[in-house]
Amino acid sequence: MRDGPGGTDRAVSVTVGYVMTLAVSTLLLSGLFVAGGSFVESERERAAQGELTVVGERVAADLGTVDRLVASGASRGDLTVNRSLTLPDRVSGTSYRIRVSANGTEGTVALESDRSDTVVEVPFRSSEDVAVRNATVDGGDLRIWWDPDAGTDGEVVVSAA
């Protein structure tokens, strides 16, 4: 806007420049937050997957230990095998579930996180004459034990501690 024959419109250009700077800064910061948010989420999922893999391998290893002890036992009716397993209640800040599925000598320990869609499966093998009961338990301390009265010839059981 001009004030007359020698007027100036410099005040308008300062205001327009200030508004343009705010708009560009807002767009740049929004882009950074969106990109950073998806990066953090993908890193959280990868961390959860890594932790669930470690927990699953520990469960599978202890299932194998109990299986070997039962398979080498002479009188299974009198056999007592009890393995306590201390596991974290949460992985990457969320709770999780452990699902043990066995079919014959092959089985899987599946772990799934509550918040993310992360599912990890760890395979395990059992002896031919040792059955493993299918179970689903919440994450945390577990008890893996031999129940001689379960099934036809007894079963390895996974339960919450």
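List of remarks:
- Selection from the stretch 135-149 of residues that are farther than 24 Å from Arg90 by Cβ and free of Cβ contacts under 8 Å to residues at least 60 places away in the same chain: Asp147, Asp149
- Lone unmet requirement of (1) surrounded by 16 or more Cβ atoms within 10 Å (Cβ to Cβ); (2) more than 30 Å from Val156 (Cβ to Cβ) for Gly73: (2)
- Look at (1) open to solvent by less than 20 Å² (accessible area, probe 1.4 Å); (2) modelled with pLDDT under 90 and you find that Ala110 fails only one, number (2).
- Exactly one residue among Arg99, Arg90 is over 11 Å from the mean Cα position of the chain (by Cα), surrounded by 14 or more Cβ atoms within 10 Å (Cβ to Cβ) and not hydrophobic (A, V, I, L, M, F, W, C), and that residue is Arg99.
- Consider the stretch 135-161 and keep the residues that are among the small types (Gly, Ala, Ser) and outside any strand (DSSP E or B). The one that is surrounded by the most Cβ atoms within 10 Å (Cβ to Cβ) is Gly139.
- Subset of the stretch 120-134 that is without any contact (Cβ under 8 Å) to a residue 40 or more places away in the chain and either part of a strand (DSSP E or B) or touching a Lys or Arg at 6+ places or on another chain (Cβ under 9 Å) (or both) - its residue that is farthest from Thr65 (Cα to Cα): Asn134
- Filter result for Glu51 (within 16 Å of the chain's Cα centre (by Cα), modelled with pLDDT of 90 or more and crowded, with 17+ Cβ neighbours inside 10 Å): yes
The values are calculated or read from the model by the stated rules, or taken from the named source; none is laboratory data. None of these values were measured; they are calculated from a predicted model. No Cβ is skipped: glycine too gets one built from the backbone with ideal geometry, and neighbour counts run over all protein chains shown. Protein only, heavy atoms only, side chains kept; ligands, DNA and RNA dropped before computing areas. Shrake-Rupley method; radii C 1.70, N 1.55, O 1.52, S 1.80 Å.
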